[in-house]
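Asker: Have a look at this one before I ask anything.
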Amino acid sequence: MRTSHNTLANRLATLATLGATLLLAASQAAAQERVVNLYSARHYQTDEALYANFTRATGIRINRVEADDAGILARLKAEGAASPADVILLVDAARLWRGEQDGLFQPLKSEVVSKRIPPALRGADAGQGPQWVGVSTRARVIVYDKTQLKAADVDSYEKLASPALKGKVCIRSGSHPYNLSLFGSVLERRGSTQTQAWLQGVAGNLARAPKGGDTDQIRAVAAGECAVAVTNTYYFARLMRSAAAADRDLVAKVGMVFPDQAGAGTHVNISGAGVARSAKNREAAVAFIEYLTSDDAQRLLADGNNEYPAVPGVRTDNPALAALGTFKAETVPIAKVGAAAAQVQQMLDRVGFK
């Protein structure tokens with residue numbers, strides 16, 4: 001049977017129309033798939049639930065790049081405007097400020113975030129919204145050898161420079177971001193002259209050259225290598241909750257105090273998030289950061305690393321932190337703490353605090 005030219009032409013036209021329809025449907029489906037490309041310095045098991053819950057609630061998929069703060073900042077600078085990053089999540093105020101100075105963030109405008117996150121836990125705001133906001137917090141505390149010292153001997157940061165502690169202090173590198181942030185808060189409260197003198201006093205009290213991480217400082221106190229050290233609360237809580245009896249025995253050998261409870265309060269640092277300057281999925285990025293301030297997300301963020309929520313009033317169920325008790329936190333704006341890092345580093349160089 002022969003097919004007429006008209007019939008063949010009609011069939012070809014139908015096939016062309018069907019092909020165009022399928023291509024349009026495919027392109028629309030691709031356009032409708034929403035994603036957030038997250039560059040994160042966090043890497044905890046509970047974060048899996050965090051991302052899954054967000055995707056389940058919004059349909060927005062999370063693509064992750066994980067590294068430490070320094071690695072993420074280096075990658076973002078190398079990628080420049082071509083970076084696929086939508087949200088940047090870092091774990092220290094000094095590093096967040098560094099990213100801000102390098103132009104890696106854009107202002108975050110969100111009534112939800114403004115209502116949930118206290119002003120003291122946000123980055124600088126020039127009227128268009130902060131560059132970043134805290135999403136979890138931790139305190140920088142002092143641990144001590146209970147056989148040599150009493151809590152009253154080390155109940156303030158100022159006492160770390162006391163002549164009574166000559167040769168008794170352990171600490172990680174003064175230039176580590178956790179210490180830069182602590183020292184920055186001291187600078188904001190006491191001014192440059194007193195802070196430099198204090199840093200010189202702390203450096204003169206060291207039992208050994210700064211080395212290791214915060215857990216190493218706790219171990220050094222328990223082993224009698226030094227009598228006092230500085231650590232973040234989550235390192236201490238992690239040992240308290242460890243399945244290893246040796247870790248729990250370690251904690252039992254030392255005491256811990258929240259410094260400056262009779263004064264300005266204990267220094268608090270943050271993990272913080274912001275929208276990347278290069279964000280291609282800005283609306284989804286803002287939605288994700290808003291989600292991070294929800295009660296459920298706050299609990300997951302805090303529990304993942306034995307931290308505290310950034311949103312006031314959110315309760316967690318962490319037996320180790322509950323055992324440590326409540327404390328008075330300092331009120332120095334975290335944006336100023338981060339911004340002080342460069343000046344603090346100059347002071348450390350002048351007094352020879354490595």
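Each reported figure results from applying straightforward, stated rules to the coordinates on display, with no laboratory input. Note that the structure is predicted; figures quoted are calculated from it, not measured. Glycine also receives a Cβ, built like all others from the backbone with ideal geometry; neighbour counts cover every protein chain displayed.
Asker: Rounded to whole Å and ordered largest first, report the semi-axes of the equivalent ellipsoid of segment 77-150 derived from its Cα gyration tensor (root of 5λ).
Answerer: Values: eigenvalues 203, 63, 20 Å².
That gives 32, 18, 10 Å for the three semi-axes.
Asker: For residue 280, which lysines qualify as cross-link partners when the Cα separation must be under 27 Å and same-chain residues fewer than eight apart are set aside?
Answerer: Answer for residue 280, where 27 Å is the Cα cut-off: 77, 109, 115, listed by chain and number.
Asker: If each residue's Cβ is checked for other Cβ atoms within 10 Å, how do 258, 288 rank with the fewest at the top?
Answerer: Details: 258 21, 288 25.
Least crowded to most crowded, the residues run 258, 288.
Asker: Relative contact order for segment 171-274: what is it in percent, counting Cα pairs under 8 Å that are at least 6 residues apart? Please report the intermediate quantities before stating the final value.
Answerer: On the way: 69 pairs, mean separation 26.7, N = 104.
Normalised by residue count, the contact order of segment 171-274 is 26 percent.
Asker: Additional query: HN-Hα J couplings of segment 111-124 from phi, Karplus 6.51/-1.76/1.60, θ = phi - 60°, integer Hz, Gly and Pro as x?
Answerer: 5, 4, 5, 4, 6, 8, 9, x, x, 5, 10, 10, x, 4
Asker: Would you mind working out the magnitude of the charge dipole of the chain relative to its Cα centre, with +1 at each Lys and Arg C-beta and -1 at each Asp and Glu C-beta, to the nearest 20 Debye?
Answerer: Working: 41 positive and 33 negative charges, 62 e Å.
The calculation lands at about 300 debye.
Asker: From the gyration tensor of the Cα coordinates in segment 246-317, what semi-axes in whole Å does the equivalent ellipsoid have, largest first, with each one equal to sqrt(5λ)? Present the calculation step by step, with values, prior to reporting the outcome.
Answerer: Values: eigenvalues 209, 51, 33 Å².
After diagonalising the Cα gyration tensor, the semi-axes are 32, 16, 13 Å.
Asker: Between rounded, prolate and oblate, where does segment 172-302 land on the alpha carbon gyration tensor, with a ≥ b ≥ c its root eigenvalues, rounded for a/c under 1.5, else prolate if a/b exceeds b/c?
Answerer: Values: a/c = 2.27, a/b = 1.38, b/c = 1.65.
It is oblate, given that a/c is not under 1.5 and a/b is not larger than b/c.
Asker: How big is the Kirkwood radius of segment 216-276, worked out from every pair of different alpha carbons and given in Å to one decimal? Before the final figure, lay out each step's value.
Answerer: Working: mean 1/r = 0.0747 Å⁻¹.
Computed over segment 216-276, the radius equals 13.4 Å.
Asker: Could you work out the relative contact order of the chain, using alpha carbon pairs under 8 angstrom and six or more residues apart, expressed as a whole percent?
Answerer: Working: 657 pairs, mean separation 96.8, N = 354.
Answer for the chain is 27 percent.
Asker: For the chain, state the semi-axes of the equivalent ellipsoid (square roots of 5 times the eigenvalues of the alpha-carbon gyration tensor), sorted largest first and rounded to whole angstrom. Walk me through the numbers before you get to the answer.
Answerer: On the way: eigenvalues 496, 91, 61 Å².
They are 50, 21, 17 Å, listed largest first.
Asker: If you place +1 on the Cβ of every Lys and Arg, -1 on the Cβ of every Asp and Glu, and leave all else neutral, what size is the dipole of segment 48-207 about its Cα centre, to the nearest 20 Debye? Could the numbers behind the result be given before it?
Answerer: On the way: 21 positive and 16 negative charges, 69 e Å.
Rounded to the nearest 20 debye, it is 320 debye.
Asker: Let me ask something additional. If the reach is capped at under 25 angstrom between alpha carbons, list the lysines near residue 146, excluding any in the same chain fewer than eight residues apart.
Answerer: By straight Cα distance, residue 146 reaches 159, 166, 168, 211, 253, 328.
Asker: Mind ordering 34-40, 142-148, 76-82, 123-129 by average Cβ neighbours within 10 Å, highest first?
Answerer: 34-40, 142-148, 123-129, 76-82
Asker: Just from the alpha-carbon atoms, what are the Rg and Dmax of segment 36-187 in angstroms?
Answerer: Values for segment 36-187 (Cα only, Rg and Dmax): 19.1, 59 Å.
Asker: How do 327, 183 line up, fewest other C-beta atoms within 10 Å first?
Answerer: Details: 327 17, 183 29.
Listing 327, 183 from fewest to most nearby Cβ atoms yields 327, 183.
Asker: For segment 137-223, report the translational diffusion coefficient in µm²/s to the nearest whole number, using Stokes-Einstein at 25 °C, 0.890 mPa s, and a Kirkwood Rh over Cα pairs. Don't jump to the answer; show the numbers that get you there.
Answerer: Working: Rh = 13.4 Å.
Calculated translational D: 183 µm²/s.
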